[in-house]
Structure formats: C-alpha cells, structure tokens
Amino acid sequence: MRRPASMWSLEAFGRTRLSKHFFMRDFLFSEISAFHGVPNIPERPDLAIKNGRAFCASLLDPLEETFGRIAVRSGYRSPSLNGFGNIHGLNCAANENPIECHIWDRGVADDAIAGATIVVPWFADQYEKGRDWRDLAWWIHDHLPYSEMWFFPKLAAFNLVWRPRPLRTISSYIAPRGMLLRSGAMPSQAIEQRKQRYADFPPLRGIAYP
C-alpha cells in the first residue's frame, strides 16, 4: 500500500481491519492533528498495518475480551505529527526516542514497535475509588506478552507497547512513581501474592460473543 495520497485512499487505510475488534480508524484520531491542522498520514502504511495488527491481536483483543470496551486515548501518530508534537511540547517523545511507541511505521524486524495510550473503563471506575494501579499492571504482566507499560494519573490510563522481543518493563507517574519492573528483573511479589491483588478480575478472554 502506497502512502495515502487522497482523502479516499486515507479512508481506505482507515477501514483496514487490524484484529477481531479493532480497525485502523480506531487509532487515527489525534487532538494535536485536529487542533493544529497537521495531517496524521503514515509514511509507510503497510508497516503501520503490520505492526498494528501484531499489537492489537496480542494485547488489545485479549483486554477487550476480558474487560469489555477498551478506550483508545492516543493511538497511531505519523512521524511528522509526532515530531510536531515533540517540538511544541505536546507530550510526544522525540521520534528517535526508543520509548516513542505511537509511530508504528518506524521499525522493522526486531526494531518494530506499536503501542497506544489506553484506558480500561472497568478498572478506571475502581481506580477512581482508590484502587491501586498496580493491580492492573500485575494482571497484564501475568497474562499478556506486553513489552512496556507506563501508567498515568488520569483514569489510570497507560501506554501499552508491543515489540517482537518484549522488554517487560512497568513504569508509572502515579505513586509510587518510577519503575516498578526493569527489563530482565523478577517481580517484587511472588506469583501467588500478585494473584491475590487481582483475584476479583474477570477471567481472561471470558466474554462470550455470539
């Protein structure tokens, strides 16, 4: 697929199905793009689709089939849009920064990456009542092949990242701030202790569909 050159080709790109529950269009809206008029158009659509499919199938579909609807706060960002956001201090990491997960058409092979900032509404309701964000972090750690997670204070939104070779790190801007788990390190709590934290969570992929 060539870089979309018209509104119609961009529309076709948006209709591309990434997984059972997600389409490319679910990830294309950007407040930065809408407000500043910077188009969110990929440079390498095929690569964005390929990495996006791996991300959705391995991480987002299991979440959706466990907790119900997953809200995408910030999805795909083109290199030009992300670069604009970084230069203007709009909470975008530099394009060359290895933690910038929103540019899906940047890396290939072992350097491939795709991610999004998401909210799990089922958990956000509990978090708003005081539940510890680490309960969700440990559930994901024990059930899904994520690469990185970064948690944020509002609604316990977090960056969820896919890579072919996962780093398995957990960090947070919510207290206790900092890195909860470093790549290659063992969790601070044993598996049985972690299970107690999320014992009331619904079963993995337990939602029945017609």
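Worth pointing out:
- Gaussian network model of the chain, springs between alpha carbon atoms under 10 Å - residue of 149, 179, 24 with greatest fluctuation: 179
- Extension gain for the segment residue 46 to residue 131, taken as residue separation times 0.36 nm less the Cα-Cα distance, is 26.6 nm to one decimal.
- The stretch between residue 97 and residue 177 holds 26.7 nm of extra length on full extension. This uses 0.36 nm per residue minus the Cα-Cα distance.
- HN-Hα J in Hz across segment 44-56 - Karplus 6.51, -1.76, 1.60, θ = phi - 60°, x for Gly and Pro: 10, x, 4, 6, 4, 5, 4, 5, x, 5, 4, 4, 5
- Measuring max minus min along each principal axis, the C-alpha atoms of segment 120-210 give extents of 38, 28, 25 Å (largest first).
- If R0 is 35 Å, the Cβ-Cβ spacing of residue 88 and residue 207 corresponds to a FRET efficiency of close to 0.30.
- Lysine pair count for the chain (Cα-Cα distance under 30 Å; residues 8 or more apart in sequence or on different chains): 6.
- A full extension of the chain between residue 192 and residue 69 corresponds to an added length of 41.5 nm, given 0.36 nm per residue minus the alpha carbon distance.
- Between the C-alpha center of segment 27-72 and that of segment 131-180 there is a gap of 18 Å.
- Whole-number D in µm² s⁻¹ for the chain, Kirkwood Cα-pair radius fed into Stokes-Einstein, 37 °C, 0.692 mPa s: 185
- In this calculation the C-beta distance from residue 200 to residue 12 is compared with R0 = 41 Å, giving a FRET efficiency of 0.45.
- 9 Å beta-carbon shell around residue 138, net charge (K/R +1, D/E -1): +2
We did not get these values from a lab; they are worked out from the coordinates using the rules stated. Treat the numbers as computed from the prediction; the structure is a model and nothing was measured. Glycine gets a Cβ as well: all are built from the backbone with ideal geometry, and neighbour counts include every protein chain shown.
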